[in-house]
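Worksheet: one structure, shown below.
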């Protein structure tokens, strides 16, 4: 479906692309109203009150602090969460045979 010819709101060139702007660079220069900024700010504050937002904020804080201090940034991988599983020993020697086994019931 062909688009009708339009005039770019920023630079004034005529184009037949989708949307009011002729290019991405013209579209990225728009002015945001104070109402738009307030809505975005409130949504971000609400997000930071959720557990996911708090975890994201904490992770970003640790990352930025290490970056500012010039320390090496350690990103945990799957091996950091691994735990050692002890070997299972044979408990037959420690078995108390005063209880009947289930097979004998």
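Being part of a helix (DSSP H, G or I), surrounded by 11 or more Cβ atoms within 10 Å (Cβ to Cβ), at pLDDT 90 or above and out of contact with any helix residue (DSSP H, G or I) (no Cβ under 8 Å at 6 or more places or on another chain) is a description that applies to residue 26. A Cβ distance below 6 Å, combined with a sequence gap of six or more or placement on separate chains, defines the contacts here; from segment 58-75, residues that are more than 17 Å from residue 48 (Cα to Cα) reach residues that are assigned to a helix (DSSP H, G or I) in the pairs 73/66. Identify the single condition in (1) surrounded by fewer than 10 Cβ atoms within 10 Å (Cβ to Cβ); (2) part of a loop (DSSP other than H, G, I, E, B); (3) modelled with pLDDT under 85 that residue 103 does not satisfy, given that it satisfies every other one. Of the numbered conditions (1) surrounded by fewer than 10 Cβ atoms within 10 Å (Cβ to Cβ); (2) part of a loop (DSSP other than H, G, I, E, B); (3) modelled with pLDDT under 85, the odd one out for residue 103 is (2).
Scanning segment 1-16 for residues that are part of a loop (DSSP other than H, G, I, E, B) and either closer than 30 Å to residue 53 by Cα or touching a strand residue (DSSP E or B) at 6+ places or on another chain (Cβ under 8 Å) (or both) yields 5, 8, 13, 16.
The values are calculated or read from the model by the stated rules, or taken from the named source; none is laboratory data. In this text the structure is predicted, and so the values were computed from the model without any measurement. Reconstructed Cβ throughout: ideal geometry from the backbone, glycine too, with neighbour counts over all protein chains shown.
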